[in-house]
Amino acid sequence: MQHPAKLKPIVTALLLSATLMAGAAHAQLAPSPSATAPAGTTTEARKANIVIIGTGGTIAGAGASATNTAAYQSAVVPVDKIIASVPEISKVANVKGEQIFQIGSESFNNERLLKLGKRVSELLKQPDVDGVVITHGTDTIEETAYFLNLTLKSDKPVVVVGSMRPGTALGADGALNLYDAVLVASSPASKGKGTLAVLNDEIHTGRDVTKTNTFKTETFRSPFGPLGYVVEGRTLYYRTLARPHTTQTEFDIDKIDKLPEVAVVYAYGNVNPASVDAAVKSGAKAIVYAATGNGSVGDYMVESLKAAQAKGVQVVRASRTGSGIVVRNAEQPDDKYNWIVTDDQLPQKARILMALALTKTNDPKALQQIFWKY
Ligand code: ASP
């Protein structure tokens, strides 16, 4: 027989593990619609059918060693291989991979954006497709997400996802991000919420999300916060959208075959007016001027922007500060000049909206209304 003093640590350890197990069994979250079943049905009814479109980026990247978290080659792993590396996905949805590009997202241009948008639109029309996930580089994920958010004509969920570290790295974030993206795309609660971006346990609207840090996994932010979280396999929403998107907009991806050129010109002390002239010469139909502060424009730059406008180029005042609203007729007399302000749109987002708006009108007043609407 063991001495009672020797038994004590064993009993304590047993009690501790029993407590931990009981704790795990009781982990609970607020009820939300089943992650996989359509509204009104049970989880067992059927799994959602999700197409995962691969475009490249770090989520398709590989490094020379596990410690290469920021130096690696992006866009090398095929989408089917990425999907196969996360077997947990098959438990929550029927997924099919489709490789449309294998590029870093910095190489997205209007043609590629249109090609991607048209393919997503085609897929969403298929009755056997419940949602689409797009694996994408993080550098311009916010532009693609915003573009799709404004142009797709479907209530079905579309989720863009990326990662900050390649799959080969210690602490790689792509596998969980992809799993979460499929969960969100499969959730009935995601219907009618426009294009979403899912990274780092958060669900963001394509309208607002932006990359704010060059290397950290916690880089995606929305000025008004994320729409929700993904945790323990659950899609949890806490906010609704205030601005029109997808089915509520006048922009239809199926009807757009070309986007007008819109240039972004960045302001700084001693900014050279030649950058405005170059944009005009290159055929830009509008210049988004990423101005200082609340859209302030240096005296000599006013002249060059007015000269551009005289040649038929629209002028849009944005801010390089990264957040806030550019107030009309405050730093510049926009009514007098017939210029446009971006509302709260970041310059790179304003570029997308302006390109779409120019497919509808060339009237500065109507263009201004579009910025205030979306
Ligand atoms: N340069 C990469 C890209 O945007 C970075 C990333 O995916 O995080 O494709």
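The table for this structure:
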item: Ser85 vs. criteria under 20 Å from Leu199 (Cα atoms) and either more than 16 Å from the ligand (Cβ to nearest atom) or not assigned by TED's automatic domain parsing to the domain that holds Val230 (or both); result: yes
item: Scope the stretch 346-374; condition in a loop (DSSP other than H, G, I, E, B) and within 14 Å of Val288 (Cβ to Cβ); matching residues; result: Leu346, Leu358
item: Residue satisfying condition, being among the β-branched types (Val, Ile, Thr), surrounded by 21 or more Cβ atoms within 10 Å (Cβ to Cβ) and more than 17 Å from Arg165 (Cα to Cα), within set Val231, Val184, Val198; result: Val184
item: Residue among Asp130, Asp173, Asp139 that is within 15 Å of the ligand (Cβ to nearest atom), closer than 21 Å to Glu88 by Cα and of a type in the set (D, E, K, R); result: Asp173
item: Test result for Gly298, on the phi > 0 side of the Ramachandran plot and either at pLDDT below 95 or not assigned by TED's automatic domain parsing to the domain that holds Leu114 (or both); result: no
item: Residue, surrounded by the most Cβ atoms within 10 Å (Cβ to Cβ), within the stretch 88-120, restricted to residues that are under 15 Å from Ile52 (Cα atoms) and within 16 Å of the ligand (Cβ to nearest atom); result: Leu116
item: Only listed residue being within 16 Å of the chain's Cα centre (by Cα), under 30 Å from Asp128 (Cβ atoms), crowded, with 20+ Cβ neighbours inside 10 Å and not acidic (Asp, Glu), chosen from Pro157, Pro226; result: Pro157
item: Qualifying residue in the stretch 57-70 (condition: under 27 Å from Ala189 (Cα atoms), of a type outside the set (Lys, Arg) and either more than 16 Å from the ligand (Cβ to nearest atom) or modelled with pLDDT under 95 (or both)); result: no
item: Odd one out for Thr212 among (1) buried (at least 19 other Cβ atoms within 10 Å of the Cβ); (2) within 30 Å of Gly295 (Cα to Cα); (3) among the β-branched types (Val, Ile, Thr); (4) not assigned by TED's automatic domain parsing to the domain that holds Gly295; result: (1)
item: Complete set of residues in the stretch 62-81 that are β-branched (Val, Ile, Thr) and not in a helix (DSSP H, G or I); result: Thr67, Thr69, Val76, Val77
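A quick yes/no check of all residues on (1) among the hydroxyl-bearing types (Ser, Thr, Tyr); (2) closer than 18 Å to Leu353 by Cβ; (3) without any contact (Cβ under 8 Å) to a residue 40 or more places away in the chain; (4) touching a strand residue (DSSP E or B) at 6+ places or on another chain (Cβ under 7 Å):
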site: Asn200; (1), (2), (3), (4): no, no, yes, yes
site: Val209; (1), (2), (3), (4): no, yes, no, yes
site: Glu218; (1), (2), (3), (4): no, no, yes, no
site: Leu236; (1), (2), (3), (4): no, no, no, yes
site: Arg243; (1), (2), (3), (4): no, yes, no, no
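The values are calculated or read from the model by the stated rules, or taken from the named source; none is laboratory data. Quick caveat, the model's predicted, so the values are computed rather than measured. No Cβ is skipped: glycine too gets one built from the backbone with ideal geometry, and neighbour counts run over all protein chains shown.
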